[in-house]
Amino acid sequence: MSMQLDGVHKGRLTLQNKAGRIQLVSMFQGFLDRGTITVHEAQVAHGLLNFSAGYVNGRALRVTCQELLRLTKAPGPSTPEAIRIFCVNSLEALRALSPRVLCVWDSRAPIHVFIDGAWERGRAGIGAVIFDTASGESWAYAGLVPESLISRWEADVGSQLICQTELYAIVCLRWALASTFGHRRLIWWVDNESARYGLIKGISDSPSMASLVQAFALADSKAPSYSWYERVPSFSNIADGPS
């Protein structure tokens, strides 16, 4: 991690990963072109990425590191399609990394985001209630998870999809309100612990949850924010109505 101090007198500090992203992009592009990754290559790539996947900058690479570690321990080679998807996602995460600017003069109060999901009789509803305590504005959102995505999740984990549904709601909101959430302090109120801890850790053992965690981290790389993930009891979650 390196710091740019030229803006400190203005109350601005810029943090970024050290130079080397071009080398990593070239490495993963080579994996993609060949359609294979050897155990040794996975070990080398994991060693290089592990230092970049920190809390301040690079959380979108956490899932990449997790997958590389799995590749080093896998009993056999992955399929070309699995390698392709992994490399495409990794390249997108690498290219999205940008310096993180911390401004001590930004005293705006946080945005509170209440999120909820409902999984009942094959229907996956999602909802959110948002309060911007700086502007006094508030919004409510409601929607449904696409059936095609539900089918993918069912193939991965079976019929209990509440964790995926809750995390999907968070990911959708993070992308849809990127311009609103960018460079703001966010307090996410979540009543599902699997979704909450996935966001805190930046990884998940479930492939479907890991994909959602990576999608959230990618949005945060492109429009950085300062997020805190807090638990809210289900009976106190005001996003229950919209979901």
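Remarks
- Some residue of segment 171-190 being touching a helix residue (DSSP H, G or I) at 6+ places or on another chain (Cβ under 6 Å) and not hydrophobic (A, V, I, L, M, F, W, C): yes
- Among the residues listed as Glu120, Glu92, the single one being acidic (Asp, Glu), outside the structural domain of Gly198 (by the TED database) and either without any contact (Cβ under 8 Å) to a residue 12 or more places away in the chain or out of contact with any Ser or Thr (no Cβ under 6 Å at 6 or more places or on another chain) (or both): Glu92
- Here segment 128-174 is the region considered, the condition is being outside any helix (DSSP H, G or I) and in contact with an Asp or Glu (Cβ under 9 Å, 6 or more places away or on another chain), and the residue that is farthest from Trp188 (Cα to Cα) is Leu161.
- Residue among Ser208, Ser107 that is under 17 Å from Ala60 (Cα atoms) and either at pLDDT 95 or above or outside any strand (DSSP E or B) (or both): Ser208
- Against the conditions (1) crowded, with 20+ Cβ neighbours inside 10 Å; (2) over 17 Å from Ala96 (Cβ atoms), Val213 satisfies every one except (2).
- Residues that are modelled with pLDDT of 95 or more, farther than 20 Å from Thr133 by Cβ and small (Gly, Ala, Ser) occur at least once in segment 152-174.
- Count of segment 116-138 residues, restricted to those that are surrounded by 14 or more Cβ atoms within 10 Å (Cβ to Cβ) and under 14 Å from Gly241 (Cβ atoms), is 9.
- Odd one out for Glu147, checked against (1) loosely packed, with under 14 Cβ neighbours inside 10 Å; (2) under 19 Å from Ala60 (Cβ atoms): (2)
- Of all the numbered requirements in (1) in contact with a His (Cβ under 8 Å, 6 or more places away or on another chain); (2) of a type in the set (Val, Ile, Thr); (3) under 20 Å from Pro146 (Cβ atoms), Val101 misses one, and that requirement is (3).
- Boolean, Val101 is over 25 Å from Gly198 (Cβ atoms), out of contact with any helix residue (DSSP H, G or I) (no Cβ under 6 Å at 6 or more places or on another chain) and part of a strand (DSSP E or B): yes
- Any hit, segment 83-90, residues being touching a Gly at 6+ places or on another chain (Cβ under 8 Å), among the charged types (D, E, K, R) and modelled with pLDDT under 95: yes
The values are calculated or read from the model by the stated rules, or taken from the named source; none is laboratory data. This structure is a prediction, so every number in the text was calculated from the model and none was measured. Note that each Cβ is placed from the backbone with ideal geometry, even for glycine, and that neighbours are counted across all protein chains shown.
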